[in-house]
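These notes concern the structure reproduced below.
The values are calculated or read from the model by the stated rules, or taken from the named source; none is laboratory data. Everything numeric in this text was worked out from a predicted model, so none of it was measured. Positions of Cβ are generated from backbone atoms using ideal geometry, with glycine treated the same way; all protein chains shown enter the neighbour counts. Ligands, DNA and RNA are excluded from the accessible area calculation, which covers all protein heavy atoms including side chains. Shrake-Rupley method; radii C 1.70, N 1.55, O 1.52, S 1.80 Å.
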Amino acid sequence: MKQNNINIYLTLDYELFLLKPGNNIDFSLINPTFDLVRILNKYQYKAIFFVDAGYLFALNKYKEKYAKLENDYTKILTQLKYLESQGHEIGLHVHPHWEDCYYNGLEWKVNLKRFKLFDFNKEEAHSIFFKYYNFLQFHFQNKIISYRAGGWCLEPFSMVKDAMKEAGIFIDSTVVPGAFYKSKTHSYDYRKFPQKDYWRFSEDPSMINEDGFFIEIPCSPHKLSQFYYWEKLINKIFHKFQHRPNGEAIKPSFFGMIKKLMFKTADAISIDANKSNYLLDSFKLKEKLGHQYFCIIGHPKCFTSETYKNIDDFIVYTINRGHLFNTFSKSIFK
Ligand SMILES: [Zn+2]
């Protein structure tokens, strides 16, 4: 029996986010990205990098004044241009909280009051999206065709629909089918979204429309058991969390964590830290169920030694089974 070949997308959110004072971009962004790419290069595999364009924009704004930021800016752009020259794909990632952040000469002062585009009015959201898109696109040869909303907060899609169309960005890869979360910063509910590998839509990403302009390529979901979060919590309490990632994400809210400790919750399949331990098993399950597309996420700031080992093992498994790492631009969506 011929098995079906799965298109695998490895998507990385290339972002700084909350940098701890004393930390630096080599440690939390540049080096982990190179470490990953070294592994991909062994197999000639390509990834998709969703670049936090607001961060780049903010660096550009302050770089004349601060030599350190000038240096960060140059390093990041050099790396990204190298990635593009190697056949990796650049996508747009929007974290609009950069609108309210500033650099005080020592560190970024982060304000998360307006964390998602919905925290702005529609005109502001449109202009932020376009400003970031133009700034990012300016530096790259290939047309940017894909978008991922910051913090998974895509809704309501009407906030970005026109801007995406105008920019010619027709792929969204934000949705995690089945996931939902609400906190002071975040808000999304993907419980009623199609449980498909990809679909077309026009106005509302939760509604399939075969003639729609947009394509949703969701982050492949799996259900992590409560035990994963209990283990994480216990390790934290006993300071045994040895593979500490290099960067920081927003901590889940108290109720968010309680929910994860009590119920099986849908989560995006990821190569971040110890989440990467579930990658291969999750893939094997999708393989068994006959899926054709598999979209993995990751954040260089959250890579650990587990990440590199697990992604290498994963690639070897997929090669032996005849599956293929792909980019969005090289894919054909019927
Ligand atoms: Zn992000």
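One table, with the values for the structure above:
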quantity: Selected residue [at pLDDT 90 or above, within 16 Å of the ligand (Cβ to nearest atom), open to solvent by less than 60 Å² (accessible area, probe 1.4 Å) and among the polar types (S, T, N, Q)] from 270, 276; calculated: 270
quantity: Check on residue 285, open to solvent by 40 Å² or more (accessible area, probe 1.4 Å) and touching a helix residue (DSSP H, G or I) at 6+ places or on another chain (Cβ under 6 Å); calculated: no
quantity: Residues of region 130-165 classified as outside any loop (DSSP other than H, G, I, E, B) and over 26 Å from residue 194 (Cα atoms), total; calculated: 9
quantity: Scan of region 126-151 for residues that are among the hydrophobic types (A, V, I, L, M, F, W, C) and touching a residue at least 40 places away in the same chain (Cβ under 8 Å), ordered by number; calculated: 128, 135, 136, 140, 144, 145, 149
quantity: Test: residue 111 is polar (S, T, N, Q) and touching a strand residue (DSSP E or B) at 6+ places or on another chain (Cβ under 8 Å); calculated: no
quantity: Scope region 39-95; condition within 16 Å of the ligand (Cβ to nearest atom) and assigned to a strand (DSSP E or B); matching residues; calculated: 48, 49, 50, 51, 52, 90, 91, 92, 93, 94
quantity: Pairs, first over 16 Å from residue 152 (Cα atoms) in region 98-125, second acidic (Asp, Glu) and part of a helix (DSSP H, G or I), C-beta under 6 Å, six or more apart; calculated: 111/100
quantity: Leading residue by the ranking (farthest from residue 90 (Cα to Cα)) among those in region 118-158 that are among the polar types (S, T, N, Q) and surrounded by fewer than 19 Cβ atoms within 10 Å (Cβ to Cβ); calculated: 121
quantity: Selection count where residues are of a type in the set (A, V, I, L, M) and surrounded by fewer than 17 Cβ atoms within 10 Å (Cβ to Cβ), scope region 72-111; calculated: 3
quantity: Residues located in region 171-212, provided they are among the polar types (S, T, N, Q) and either modelled with pLDDT of 95 or more or assigned to a strand (DSSP E or B) (or both); calculated: 173, 174, 187, 202, 206, 209
quantity: All positions within region 302-333 that are open to solvent by 10 Å² or more (accessible area, probe 1.4 Å) and within 16 Å of the ligand (Cβ to nearest atom); calculated: 302
quantity: Residue in region 1-29 that is modelled with the highest pLDDT, counting only those that are open to solvent by 10 Å² or more (accessible area, probe 1.4 Å) and of a type in the set (A, V, I, L, M); calculated: 18
quantity: Selection within region 137-174 - at positive phi and of a type in the set (A, V, I, L, M, F, W, C); calculated: 152
